[in-house]
Amino acid sequence: MKVLFIMNPNAGRSNADKTILAIHNRAIVDPFDFKFVYTRGEDDDERINTQLEAYQPDRVVACGGDGTLQLVARNLVGKNIPLGILPTGSANGLATAMSIPSDPEEALDVILKRKKIKPTDMLKFNDEHWCIHLSDIGTNALLVKSYHEAGDKGMIGYAKHLMASINQSELMNYKVKTAEGTVEKSGFMVAFANAHKYGTGVQISEGSVSDGRFEISNVQKIDLESAIKAGLTALNVFIDKDMFSDVISCEAAEIEIDRKVHWQVDGEYLGEIDRLKIEVIPSAIQLLV
């Protein structure tokens, strides 16, 4: 078996080192052929595709958080190559939702020994941006922006920007157009979820990554008290379960907002937008679970 590991060296440095060691040790005990590709933040798509063609792996593994997973997944769309996850990032939302072990030894068991493959949907925004776990506009996207601009690391860094992001957030008025019709809503944050859970395990909806649908969750109220009760979570707004009572499930949607608002996808800040076109790509990838 040939396994191509796509490793984000900046995703949880100590976790990445532990994972690399676990891979080498496993290959000694249970031999398999493997190769690493380290992400650099530029030309990663081209480099991944070059290695896919040259190495012809039997399995590809994303080593990092949701951003790394999305990078790898979008390059496997249309290719019949199973995708595994070694979660080493600050935010491992999809891995949490899919009950992928956080321990690298146990995660390697899933990748190398299990044969269960789950067809997994992806989302596409504005015919351009892919999403594997979730995207949102509003409070959490502002938090992601502030966190990365400051160059902070870890949970303390997120906590430092939490109150400011909440205080700076303004109510959004927006329209949601789906096959069922158009509705008008207001909220401080709107999440577009492929998976049914946040990285903390907080339930977003009853949706599934394999149902050919996604969920639009409107957060009508967010305050510091709710944030503290929910506990810290990386790259996701600090949400408790009571904040998810307004959910739309659909296959495609168009969002029109009354002004430009902050937007993030899988932990990456993408700027300000006032319109979004969203569609689900059913069974886009084959996930090892």
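Once you have a ≥ b ≥ c as the square roots of the Cα gyration tensor eigenvalues for the stretch 2-115, tell me rounded if a/c is under 1.5, and otherwise prolate or oblate according to whether a/b is larger than b/c.
In terms of gyration-tensor shape, rounded.
The length gained by stretching the chain between ASP258 and SER102 to full extension, at 0.36 nm per residue less their Cα-Cα distance, is 52.1 nm. Hull volume per residue, based on the alpha-carbon atoms of the stretch 1-54 and their convex hull, is 61 Å³. Of the cross-linked pairs LYS2/LYS115; LYS145/LYS177; LYS124/LYS175; LYS185/LYS221; LYS18/LYS115, those separated by over 22 Å at the C-alpha level are LYS145/LYS177; LYS18/LYS115.
Readers should treat all values here as calculations from the given coordinates under stated rules, not as data from a laboratory. Computed from a predicted structure; not experimentally measured.
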